[in-house]
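Engineer: Before I ask anything, here is the structure I am working with.
The values are calculated or read from the model by the stated rules, or taken from the named source; none is laboratory data. Please read all numbers here as calculations on a predicted model, not as lab measurements. Virtual Cβ from ideal backbone geometry, glycine too; neighbours counted across all protein chains shown.
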Amino acid sequence: MTKTLLILAHPHLQKSIRNKLIAEELATENNLEIRDLTALYPTYNINVAEEQKKLVEADVIVFQYPLYWYNVPPILKLWIDEVFTYGFAFGKGNYQLEGKKIVVSCTIGSNEDIYPAEKLEKIFFPLQGLANYCKMDYLAEIVSFGEVYVPGESKTGLENSAKKHAEKLRHFLRSVT
């Protein structure tokens, strides 16, 4: 049975609506483990051996995060830098993640028209490059756009958007496993 590892990177998950709800919706999936990086490493002291072990055990790796200034949140960048090391993920013929599948699941607060396809290609290029360099299979991006919470306003739109995003991700993961 295929095992999926969801790497959740949100610096303020308890204040989040979409990323928190997406994670909650997917938590019910069989053979899916969620690693909330901010909860696990509030001081940014990554347990590299544990994270590498989790990656080796997984067949599919999902990066779940909100877009931060055209990039991943700082905890995810640090996690990648420290976990995807020479001799583990690449180098000297030692590609322990070779053949594993990567899916990017990203929420973006701006409207979709601000992010044409060529801009999204540039945004996701670093994760595509990571997969390629480590001989992994980059499968797709699941992206939702255009909603941020304004205090005092209804959360219904954000909640609906999150549920649609989670269902799209769930359906995609089931199709590749």
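Engineer: Scan region 9-19 residue by residue and report those that are part of a helix (DSSP H, G or I) and either in contact (Cβ under 8 Å) with a residue 12 or more places away in the chain or in contact with a Pro (Cβ under 7 Å, 6 or more places away or on another chain) (or both).
Structural biologist: Of the residues in region 9-19, the ones part of a helix (DSSP H, G or I) are 13-15, 18-19.
Passing the criteria: L13, R18, N19.
Engineer: Please specify each residue of region 92-118 satisfying the condition of being more than 18 Å from I142 (Cβ to Cβ) and at pLDDT 95 or above.
Structural biologist: Of everything in region 92-118, those that are more than 18 Å from I142 (Cβ to Cβ) and at pLDDT 95 or above turn out to be Y95, Q96, L97, E98, G99.
Engineer: Follow-up. Among the residues of region 103-111, are any assigned to a loop (DSSP other than H, G, I, E, B), more than 18 Å from the chain's Cα centre (by Cα) and farther than 20 Å from K54 by Cα?
Structural biologist: To start, the set of residues in region 103-111 that are assigned to a loop (DSSP other than H, G, I, E, B) comprises 108-111.
Among the residues that remain, those that are also more than 18 Å from the chain's Cα centre (by Cα) are: 110-111.
Filter once more, so that each one left must be farther than 20 Å from K54 by Cα: 110-111.
Scanning region 103-111, I find at least one residue that is assigned to a loop (DSSP other than H, G, I, E, B), more than 18 Å from the chain's Cα centre (by Cα) and farther than 20 Å from K54 by Cα, so the answer is yes.
Engineer: Of everything in region 64-99, what is of a type in the set (A, V, I, L, M, F, W, C), at negative phi and in a loop (DSSP other than H, G, I, E, B)? Give them in sequence order.
Structural biologist: We begin by selecting, within region 64-99, every residue of a type in the set (A, V, I, L, M, F, W, C); these are 67, 69, 72, 75-76, 78-80, 83-84, 88-90, 97.
After this cut, where a residue has to be at negative phi as well, the list is 67, 72, 75-76, 78-80, 83-84, 88-90, 97.
Selection gives L67, V72, F84, F88, A89, L97.
Engineer: Please determine, by comparing only the residues of region 7-66 that are among the acidic types (D, E) and in contact with a strand residue (DSSP E or B) (Cβ under 6 Å, 6 or more places away or on another chain), which one is nearest to K100 (Cα to Cα). First the steps, then the outcome.
Structural biologist: Taking region 7-66 first, the residues among the acidic types (D, E) are 24-25, 29, 33, 36, 50-51, 57, 59.
So of that shortlist, the ones also in contact with a strand residue (DSSP E or B) (Cβ under 6 Å, 6 or more places away or on another chain) come out as 33, 36.
Values: E33: 15, D36: 20 Å.
Among those that are among the acidic types (D, E) and in contact with a strand residue (DSSP E or B) (Cβ under 6 Å, 6 or more places away or on another chain), it is E33.
Engineer: Restricting attention to region 125-154, and to residues there that are surrounded by 14 or more Cβ atoms within 10 Å (Cβ to Cβ) and part of a loop (DSSP other than H, G, I, E, B), which single residue is modelled with the lowest pLDDT? Spell out how you get there, then give the answer.
Structural biologist: If we filter region 125-154 for residues that are surrounded by 14 or more Cβ atoms within 10 Å (Cβ to Cβ), which is where we start, we get 127-128, 130-131, 134-147, 149.
The next check asks that each one be part of a loop (DSSP other than H, G, I, E, B); those that pass are 134-136, 145-147, 149.
Values: C134: 98, K135: 98, M136: 98, F145: 91, G146: 78, E147: 67, Y149: 61.
Checked region 125-154; the qualifying residue modelled with the lowest pLDDT is Y149.
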